[in-house]
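*Asks:* What follows is a structure written as structure tokens; I'll ask about it next.
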Amino acid sequence: MVDRATAMMHWEALLSSTRMDHGDRWTPPDPGYSRDQWQRDQDRIIFSGAFRRLAIKTQVHPLSDNDHVHTRLSHSLEVASVGRSLATKIGAWLELNGALPPEMPASALGALVQAACLAHDIGNPPFGHAGERAIRTYFREHPEWLSGLSVGERADLTGFEGNAQGFRVLTKLERHWFDGGMRLTAATLGTFVKYPFAAASEIGQGKGKHGINCAELPVMQELADQLQLAALGHEVWARHPLVFLVEAADDICYALIDLEDAVELGHLTYDEVADLMRELVERGARSALYEQLLDDRTVRLELLRSAAIDALVHEAEARFKTHYTAIMNGEFQEDLLDWRRASAGEVIAHAKALAREHVYVDQTKQSYEGQPAHLLNGVLAHLVEGAEALAAVGGDGTSIDSKARDAVARLGKYRPNANDSRYARLLKITDYVSAMTDRYLIRVVDDLTRLRYFSSSTD
């Protein structure tokens, strides 16, 4: 049963449809709008440039010639589908137990989680996690550019995180109106924030991950106030309960669909992946429905994958219900599909191990994975040096050399202002670089090489 009396967080606040307006105000929805508030959030995300660019950003296999292989965009759409199904199940359970506000149907939670899932990778740089590592490495190896920054500001750059960049995109960079980013509802933003803490916070240093940059901490504080998220320490808040569903949907798609792509590309055999998926199906609550499926060795992998997803959704649903009180009190510190706890966790761990051993070490992938560090290092060096040269002379930059002028011109709308701090200048550069697609990064490098501002040598 759902215990509402002792919960630290409450759904009335957690499902807030107030929006961050221009001027940092939070406003309630206009009653004249006929569309559901979270449908509006979905539409704003889908029609944004940042979402569209995910079509040419690496999921696992960079710049594949095979059109069937997933990109960040197709991955995000599939995570949104799984997240909607899982959240609708949880919504029905909460509704049955009288935990939801009277006017809130169970399907509303599905729409809300679907919106957050659509955006969950929106801050990822080119080449995915390899791109994240490349940006971190550049700033760790060039501490001269971090002089004068606070501990937290340094940590934002040396620990660059696509999650924190995503929050920045949603709340500042991708503008739906004059200000306030996409102006999404508080509930969608809260459900998006996987790591509600700063890089330099105690938990951020422990995890080596963070979801909020120093520049957005005031926004996060306002968001926490709107949702009544529990403060767990300095610059640390409790997760919105629905974040666990977004994370589970992402884990499900990663665990299964990366392997399906590997079969498509010939890195794994059909039998290797089908046997693993069958093991998941056999653990599912609806395994009896798939008896014929399990006996047919020639069944299409897509059908097995569908059944395996169903089994994992059931597993995540059961774990959420079991740990509901701890989740609502901000005390639950595990993933719903943690391999050490969840009954299907061992199979998920096996799936990830299979991917590490046979997919992530693939020679074709390795040849591309070696590029992000070199490409991004060169581009970041060019841009940072140009921006710092402009800051040193001030004015319109006419007195800086042609190389620095090229760097400043490339930044376009991300060009630093005369009164920007060094931290603000560096954030604008990472804004520009992380918005790049894989192919655009390569085109920029080709252009800089032609101008002799970039060396193609990796020696």
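The values are calculated or read from the model by the stated rules, or taken from the named source; none is laboratory data. Treat the numbers as computed from the prediction; the structure is a model and nothing was measured. Cβ sites come from the backbone with ideal geometry, for glycine too, and all protein chains shown count toward neighbours.
*Asks:* Does region 197-208 contain at least one residue that is surrounded by fewer than 24 Cβ atoms within 10 Å (Cβ to Cβ), touching a Phe, Trp or Tyr at 6+ places or on another chain (Cβ under 8 Å) and over 30 Å from residue 110 (Cα atoms)?
*Replies:* no
*Asks:* Identify all residues within region 142-172 that are more than 21 Å from residue 246 (Cβ to Cβ) and among the aliphatic types (A, V, I, L, M); write none if there are none.
*Replies:* Passing the criteria: 146, 149, 151, 155, 157.
*Asks:* Checking the conditions here, which among 113, 82 is touching an Asp or Glu at 6+ places or on another chain (Cβ under 9 Å) and either assigned by TED's automatic domain parsing to the domain that holds residue 51 or buried (at least 24 other Cβ atoms within 10 Å of the Cβ) (or both)?
*Replies:* 82
*Asks:* Still on this structure, please answer the following. So which of 281, 263 is surrounded by fewer than 18 Cβ atoms within 10 Å (Cβ to Cβ), modelled with pLDDT under 90 and touching a Phe, Trp or Tyr at 6+ places or on another chain (Cβ under 7 Å)?
*Replies:* 263
*Asks:* Same structure, new question: Determine, yes or no, whether residue 438 is crowded, with 16+ Cβ neighbours inside 10 Å, touching a residue at least 12 places away in the same chain (Cβ under 8 Å) and touching a strand residue (DSSP E or B) at 6+ places or on another chain (Cβ under 8 Å).
*Replies:* Judged against the criteria, residue 438 is a match.
*Asks:* How many of the residues in region 305-327 are under 12 Å from residue 89 (Cα atoms) and touching a residue at least 40 places away in the same chain (Cβ under 8 Å)?
*Replies:* Of the residues in that region, 5 qualify.
*Asks:* Looking at region 109-212, what helices (runs of 4 or more DSSP H) fall wholly within it and have at least 2 residues that are at pLDDT 95 or above?
*Replies:* 128-141, 151-158, 162-168, 186-192
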